[in-house]
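Read through the structure below, which is laid out as structure tokens, and then see the notes.
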Amino acid sequence: MPQKPQTGRGALMAELTVESRRYMAAYALFNQAVADYLRLHPTDLQCLNLLGLEAVPVTTGRIAELTGLTTGSATRLVDRLERGGYVTRARDTVDRRRVLVTLVPERMAEIGAVWGRLNGAWAAMFDAYDDEELALLITHMRRTVELSARQVEALREGGGAKGDPGPA
């Protein structure tokens, strides 16, 4: 017997599930395309993005926190970025035990130039929203970042979402 089509909130939630999957796949593929264009690994590109949001140089431990990587993986990531000329390492002048990772402005300008060419289309898309809709998008994005961080942590600890038994 055919199922009745969902209506109301159930229909919206079903549509949201489908569109969320498309959205996440589109973002992952977009990130891969930008990384390929720049000849970077997608994780390395996003690490550079996150480092650009930090106010000061950071330790590899902080990079592990920002990316959700283990400290060993974060160290290998920094090694690749240093070899590529995107970052430098230097001893902290206040605490000589710490090594700080600093972005190389010239290399970041190269990435910025690519983003500059892409940003016009994004700005035009967001111009179609009114202020209330933009505020909703900002709230959604912040909540997504927070939830994603929690989910990454849970997955790395061997589980999944709360109540999720993990892979069978």
Quiz item: So, with +1 on the Cβ of K and R and -1 on the Cβ of D and E, and no other charges, what is the size of the charge dipole of the range 8-133 about its Cα centre, to the nearest 20 debye?
Solution: 860
Exercise. Note down the relative contact order for the chain as a percent, whole number, built from C-alpha pairs under 8 angstrom at least six residues apart.
Key: 12
Quiz prompt | Heavy-atom accessible area per residue - the range 1-118, 1.4 Å, Å² | solution = 69
Practice problem: Using a cut-off of 11 Å between beta-carbons, work out the net charge of the residues near Arg98 (Lys and Arg +1, Asp and Glu -1, Arg98 not included). | Solution: +3
Quiz prompt | From the coordinates shown, Cα extents along the principal axes in Å corresponds to which of [x] 69, 42, 30; [y] 44, 43, 32; [z] 49, 40, 29 | solution = [x]
Self-check item: FRET efficiency for Met24 and Glu54, using Cβ-Cβ distance with R0 set to 25 Å, rounded to 0.05
Solution: 0.50
Quiz prompt | Radius, Kirkwood style, for the range 1-52 when every pair of distinct Cα atoms is counted (Å) | solution = 13.5
Exercise. Give the carbon-plus-sulfur fraction of the accessible surface of the range 35-79 in %, rounded to a whole number; probe 1.4 Å, heavy atoms of protein chains only.
Key: 53
Quiz prompt | Sparse-neighbour loop sites [trypsin sites (Lys or Arg not before Pro); the range 13-75; at most 12 other C-beta within 10 Å; DSSP] | solution = Arg39
Quiz item: Computed from the mean reciprocal separation of all distinct C-alpha pairs, what Kirkwood hydrodynamic radius does the range 53-150 have, in Å?
Solution: 16.1
Exercise. Can you tell me how much longer the chain between Ala124 and Ala109 gets when fully stretched, taken as 0.36 nm per residue apart minus their C-alpha distance, in nm with one decimal?
Key: 3.1 nm
Quiz item: Taking each full run of DSSP H in the chain as one helix, which ones are at least 15 Å long along their axis (Cα atoms) and have mean Kyte-Doolittle hydropathy of at least 0.5?
Solution: 42-53
Exercise. Mind giving me the nanometre distance, one decimal, between the label points for Glu82 and Gln151, set 7 Å out from Cα along Cα→Cβ?
Key: 3.4
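The values are calculated or read from the model by the stated rules, or taken from the named source; none is laboratory data. Computed from a predicted structure; not experimentally measured. Glycine gets a Cβ as well: all are built from the backbone with ideal geometry, and neighbour counts include every protein chain shown. The accessibility values were calculated without ligands, DNA or RNA, using every heavy atom of the protein model including side chains. Shrake-Rupley method; radii C 1.70, N 1.55, O 1.52, S 1.80 Å.
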